[in-house]
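K.L.:
Pasting a structure here, questions to come.
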Amino acid sequence: MGLDVLHGKRLVGGLKERAVCALVYNLVRVVMLAAAQRQPVPLERISCIDALRWLSTARPGEPLPPLVVNPHRPGRVEPRAVKRRPKPYPLLTKPRREARKVLIQQGTGA
């Protein structure tokens, strides 16, 4: 849900982002539970992405449509791994001003 990077500059901002993310996550799960009860399937088979998309486009009072039911795949195991390509630059581990001085001393300037 996009929590790999927090955008708040202060502690309060980061806490607000986490609180809103927790609220949205719980709302998505409630919608998934309602859909699973209406369509007699286990909760795990209801698409989380479909529930999130419906929530982002639903108008007040709009009834919950049938959500996508993921196929039953017994024995399926998928590895938990990061597919995103890491950034080609090292982490900035010291103040930017100091790092800039080192670059200027090296003559790269970039």
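Each reported figure results from applying straightforward, stated rules to the coordinates on display, with no laboratory input. It should be emphasised that the depicted structure is a prediction, and the values quoted were computed from it without experimental measurement.
K.L.:
Pairing the Cα long axis of helix 96-106 with the longest principal axis of the chain, what angle in degrees results, from 0 to 90 and rounded to the nearest 10?
P.N.:
The helix 96-106 is inclined about 50 degrees to the chain.
K.L.:
Here's another thing I want to ask about it. Residues with amide H under 5 Å of I46's amide H, sequence separation 5 or more or different chain, H placed in the peptide plane at 1.01 Å from N; which?
P.N.:
Excluding prolines and chain starts, which carry no amide H, the hits are N70.
K.L.:
Right, something else. Expressed as an acute angle from 0 to 90° and rounded to the nearest 10, what is the orientation of the C-alpha long axis of helix 11-38 relative to the principal long axis of the chain?
P.N.:
For 11-38 against the chain, the angle is about 20 degrees.
K.L.:
By how many degrees, 0 to 90 and rounded to 10, does the Cα axis of helix 48-57 deviate from the longest principal axis of the chain?
P.N.:
90 degrees
K.L.:
Same structure, new question: Could I get the Rg over Rh figure for region 1-49? Both from C-alpha atoms, Rh via Kirkwood, rounded to two places.
P.N.:
1.17
K.L.:
What label, among (1) 15.8; (2) 18.4; (3) 17.2, belongs to Kirkwood radius over Cα pairs in Å computed from the structure on display?
P.N.:
(2)
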